[in-house]
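Taking it in order: structure first as structure tokens, then the write-up.
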């Protein structure tokens, strides 16, 4: 028997890979370099293999089947048929699930004694336990049906003939990524994973080749916590997939994210320590924000484009696999995201910024109530901006009014605007600052880029109505170029723009061109019915109209202009 072991050991030693095994943690013999090793056992191979009395599992397996019931990985976007581990994965788990003593082998009648009193796999990343829901799925049929189900984002199984291989039954196993006899690449990987080369052997994410997360050479500046503690990578490009994902013992089980709280996977770099701008400070430090921390675990990558359960996460607006630094009508930071069209249908990828905003701010449920109590109440921005409306801000198309003398260059009545022209960072480039672009956070309510007072009796100034004056000339407005009593209302009576004008628009299903042109939709906390019980504006032509209302104690019944 001893000669048989020596013959097997000599045969295995002839392979260069086994020579590497002896210097790795998988050498559990007394000569092993790790902290977990035998007290006296000198044979390295015996902990896994035996020439006789082996289990039915290949290759000459010397350990018992764990016999455990495992919780496999699952997610809403996984198309693989996951079940209980089989084949070489089950062999690996005979140590790595922590249920069987390391020295318990079938060829010995007594357990091999381990130093330090160790029995099973010590606690740590190597001890996967029986809950594999935070680990990359194994023992799955990797076939043409799976590739088709993933829509081209998985490599053809026929190409997996190099370092990454399927087992004899066409299943992906632990040994597809790990070589237990060779630790020269680290973590017993079959190939280095620098730049996610190993991950990308199978995973072919749409948009990845041009994405910033693949190409960026940004590195950690040393501030705060190391963003890549489990990889020790030096740049974003080097970490690639593992900047956000962890194939074993992942903090966020769905999609194997490093952290359970979705936003923390982004904050690791977007806190000013790696990425150029500190997005975390915008969201955490300002009173008006997209509140990504308010929910955890609600966002789902497979959810419909129209949000059913109210939440917002970074991934609702940004696709980390496609996001890039390109400029254009739709900036690269929004590349590859889904949206809702002006007609209310899903589009992927979105081609306009408003389509992304419509995911939450159009037909979704549980939207917050409007900040202004309007005569005509509408909380669906898709309907507010419709080009068939009696009036609308020019988001979906040019506005209805061809006579707007207050517009500042380069704006004209043929122009269109983006949601982010008004809703943006108050310290970003649009406001003349150096902060990051985008509606992550603002000091002004409703995530406005500039101040826009809506309370009655406010003092008119360039600062107090800065949002309006970004596009509309203050000189023209106060010079009464479009309405002869603008100055009287805004300066003398201290009536806010918001008292008469609804900045999004008035839905054509509710308003009409006679009463609701020029964005007229009264704030009913300021404007009350006239002495005849009427509350309305009547358009009588270009720059002409009549008002029926009571405001600041003055009865308009009507007053005509």
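Only the coordinates and a few stated rules stand behind these numbers; no lab work does. Please read these numbers as outputs of a predicted model, since none were measured by experiment. Heads up, the Cβs are rebuilt from the backbone with ideal geometry, glycines too, and the neighbour counts pull from every protein chain shown.
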remark   = Counted neighbours (other Cβ, 10 Å), sorted fewest up, put 41, 493, 485, 313 in the order 485, 493, 41, 313
task = Would you mind ranking 374, 111, 246 so that the residue whose beta carbon has the fewest other beta carbons within 10 Å leads the list?
result = 111, 374, 246
ask   = Once the Cα atoms of helix 87-96 and of the chain are each reduced to a long axis, what angle between those two axes, in degrees from 0 to 90 to the nearest 10, is obtained?
value = 90
ask   = Can you sort 491, 395 so the residue with the fewest Cβ neighbours within 10 Å comes first?
value = 491, 395
request  = Over all directions, average the projected area of the Cα convex hull of segment 374-561 and note it in nm².
outcome  = 10.2
remark   = Given a Förster distance of 30 Å, the FRET efficiency implied by the Cβ-Cβ spacing of residue 560 and residue 288, rounded to the nearest 0.05, works out to 0.15
query = Between the helical axis of 2-13 and the dominant principal axis of the chain, each derived from Cα atoms, what acute angle in degrees is found, rounded to the nearest 10?
reply = 40
key: MRE, 222 nm, helices only [DSSP H, n ≥ 4, -39500 (n - 2.57), over the chain, to nearest 500]   = -3500 deg cm²/dmol
task = Output the Cα-based Rg and Dmax of segment 208-361 in Å, rounding Rg to one decimal and Dmax to a whole number.
result = 15.6, 48
message = How far apart, in nanometres, would the label points at residue 310 and residue 416 be if each is projected 7 angstrom from Cα along the Cα-to-Cβ direction?
response = 2.9
key: Peptide ranges 217-227, 431-441 listed from the most packed, as the mean C-beta count within 10 angstrom indicates   = 431-441, 217-227
remark   = For Rg/Rh (Cα atoms, Kirkwood Rh), with candidates [x] 1.15; [y] 0.95; [z] 0.98, the value calculated from the shown model is option [x]
query = Which whole-angstrom value gives the distance between the alpha carbon centres of segment 490-536 and segment 319-346?
reply = 35
ask   = How much length, in nm to one decimal, is gained on full extension between residue 71 and residue 463, taken as 0.36 nm per residue of separation minus their Cα-Cα distance?
value = 135.2 nm
